[in-house]
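Engineer: Before I ask anything, let me first share the structure, which is written out below as structure tokens.
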Amino acid sequence: MRKVLLFVLPLFILIPIAMLMGCSSAPTIELPTPVSIIGQATPIVVHVTNPRGIRSVSATVEQNGASYPVWKMEQPSKTKEAVWSFTAGVKTTPQLKDGKAKLIVEATSNDLLHKSARVERDVTIVTQPPSISVDSEQHYLYIGMADAATFSVTGAYTAAGVRVGDQSYRAWPMPSGKPGLFSLFAFAWNMPQGTIPLVFASNGAGNDVTSPITVIFPKKEQPHYTVHDLQVSDAFMQKVVGELDPNGSGDMVTRFVRINNEMRKSNNKTLSDLRFKTADHFLFTQPFQRQSHSQAEATFADLRNYIYQGKKIDQQVHLGYDLAVTQHVGVEASNDGRIVWAAPLGIYGNCVVVDHGYGLQTIYGHMSHIDVHEGDMVKRGQIMGQSGMTGMAGGDHIHFAMQLDGVQIDPKEWWDPHWIQDHITRRLDVGMAPAPEVAAAPAKRHAHRAGSKRRR
Ligand SMILES: [Zn+2]
């Protein structure tokens, strides 16, 4: 009998422990935002999950054999999942020195066995913010215009570039391989006058610095963009609504205005997001060229009032050039580059976007036919398809636009070899071949262009 007890008793103890062990599990710790640098007060986010609840979470920084607690949560909770954010850095732990360190996060489960987990990250302590030195160029800017700024950043940084208002333009290493950085930046058509572009550098550790760029705005008023009243006929409205919103609800005017606003906004967002599909070098070696023999029927930032039956139903800003030649003319690539979009895009109809590197892209809209594919390399002047009137177009033309880091800009400087030489190639120290002879626009245009005076 005693023998049996001796054998059975341990089971009474061991089985529940084994059961407990089976039910208990260590928490899972994640740091959703990567941490590589800790500065003055670096935000850190910790995500902990455990089906048994979480008993405690703590963070420490280890450096040169010393361990500094930086944050602690100790309110046992049955919650299976929680996110905490806190800051770590020199502000609260002044003992930290510039150099390597380890960030350690530990968490314990809220059950009897208190199983724990631990994650470690190698970090660099950076006590000083980066510093910026900006070129001494004078930058002439007006609405819709782009320019290049060169600068250098000393000290550790994770992001740098030029900020104009709420828009940010990336920094790139100098193409010549010389030390330093540059950004192509723009003063967007809707940027409040007097906004000063700033070079910024951030080490992602709460140490951000900015330095203003010397900018000269025209003394006079900014150029006053032309205002056009655009008569919307029933035929045009039906064409646009039938093509872009065939199954929509509401009356024609409501649907037209919705396309002109919501679809325009969404299409522009799609265009803007193409900035991430850009080469880290210039793909072109010559100035941009304008569609041969074309007549501009609308220019950048024209303000359009949409008039229907004598009433203004909408107003939009036109962010490109409407270039007309003849019907179904071959659409020429403005410069060498890579196709990053070749598909229908709402109000832009059949649309092609060419990337030229460093966030600089050209856009071609309303095409009747596209002959290129995403990923294709195109040469300056190469025919990419035929012009047409797909999307929100009342007549055959090419909607030509340009964007820089997702912000639509005025293409006209980029068509000017002297401007490119002065503002881009000289500053960035890149070789650029002079513009070859470009066919001049004919004095008299062909009369039978598109058979319509309406272009959008
Ligand atoms: Zn247009």
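Engineer: Looking at region 203-220, I want the residues that are in a strand (DSSP E or B) and have a partner that is of a type in the set (S, T, N, Q) and modelled with pLDDT of 70 or more with Cβ atoms under 7 Å, at least 6 apart or on another chain. Which pairs are those?
Structural biologist: Pairs found: ASP208/SER202; VAL209/SER131; ILE216/GLN138.
Engineer: Which residue is farthest from the ligand (Cβ to nearest atom), if the candidates are limited to region 294-306 and must be part of a strand (DSSP E or B) and under 29 Å from MET432 (Cα atoms)?
Structural biologist: Among those that are part of a strand (DSSP E or B) and under 29 Å from MET432 (Cα atoms), it is GLN295.
Engineer: Evaluate the following for PHE236: is it in contact with a Gly (Cβ under 6 Å, 6 or more places away or on another chain) and outside any strand (DSSP E or B)?
Structural biologist: Working: in contact with a Gly (Cβ under 6 Å, 6 or more places away or on another chain): yes; outside any strand (DSSP E or B): yes.
So PHE236 fits the description; yes.
Engineer: Among ILE420, ILE409, which is in contact (Cβ under 8 Å) with a residue 12 or more places away in the chain, within 16 Å of the ligand (Cβ to nearest atom) and open to solvent by less than 40 Å² (accessible area, probe 1.4 Å)?
Structural biologist: Sole residue among the options that is in contact (Cβ under 8 Å) with a residue 12 or more places away in the chain, within 16 Å of the ligand (Cβ to nearest atom) and open to solvent by less than 40 Å² (accessible area, probe 1.4 Å): ILE409.
Engineer: Give me the residue from region 200-241 that is over 30 Å from GLY165 (Cα atoms) and surrounded by fewer than 12 Cβ atoms within 10 Å (Cβ to Cβ) and, out of that set, modelled with the lowest pLDDT. Outline the logic, then answer.
Structural biologist: Within region 200-241, the subset over 30 Å from GLY165 (Cα atoms) is 229-241.
Filter once more, so that each one left must be surrounded by fewer than 12 Cβ atoms within 10 Å (Cβ to Cβ): 229, 234-235.
Values: ASP229: 93, ASP234: 97, ALA235: 96.
Among them, the one singled out is ASP229.
Engineer: Let me ask another. Can you tell me which condition ASP166 does not meet? The list is (1) within 18 Å of the chain's Cα centre (by Cα); (2) in contact (Cβ under 8 Å) with a residue 40 or more places away in the chain, and all the others hold.
Structural biologist: The number of the failed condition is (2).
Engineer: Okay, moving on. Being under 30 Å from ALA235 (Cβ atoms), away from the ligand (no atom under 16 Å from the Cβ) and free of Cβ contacts under 8 Å to residues at least 60 places away in the same chain is true for just one of GLN309, GLN315. Which residue is that?
Structural biologist: GLN309
Engineer: Shifting gears a bit: If you go through region 342-398, how many residues are within 12 Å of the ligand (Cβ to nearest atom), hydroxyl-bearing (Ser, Thr, Tyr) and free of Cβ contacts under 8 Å to residues at least 60 places away in the same chain?
Structural biologist: Qualifying residue count for the region: 1.
Engineer: Could you check how many residues of region 69-95 are part of a loop (DSSP other than H, G, I, E, B) and in contact with a Ser or Thr (Cβ under 8 Å, 6 or more places away or on another chain)? Give the derivation first.
Structural biologist: Taking region 69-95 first, the residues part of a loop (DSSP other than H, G, I, E, B) are 74-76, 78-80, 89-95.
Then keep just the ones that are in contact with a Ser or Thr (Cβ under 8 Å, 6 or more places away or on another chain); that gives 74, 76, 80, 89-90.
Within region 69-95, residues that are part of a loop (DSSP other than H, G, I, E, B) and in contact with a Ser or Thr (Cβ under 8 Å, 6 or more places away or on another chain) number 5.
Yes/no per residue for (1) more than 21 Å from GLY144 (Cβ to Cβ); (2) in contact with a Ser or Thr (Cβ under 7 Å, 6 or more places away or on another chain); (3) of a type in the set (Gly, Ala, Ser):
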{"residue": "ASP245", "(1), (2), (3)": "yes, no, no"}
{"residue": "VAL253", "(1), (2), (3)": "yes, no, no"}
{"residue": "ARG275", "(1), (2), (3)": "no, no, no"}
{"residue": "ASP280", "(1), (2), (3)": "yes, no, no"}
{"residue": "ALA296", "(1), (2), (3)": "no, no, yes"}
{"residue": "GLN315", "(1), (2), (3)": "no, no, no"}
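The values are calculated or read from the model by the stated rules, or taken from the named source; none is laboratory data. Everything numeric in this text was worked out from a predicted model, so none of it was measured. Quick reminder, even Gly has a Cβ in these numbers, built from the backbone with ideal geometry, and neighbours come from all protein chains shown. Just the protein is used for accessible areas: all its heavy atoms, side chains included, with ligands, DNA and RNA removed. Shrake-Rupley method; radii C 1.70, N 1.55, O 1.52, S 1.80 Å.
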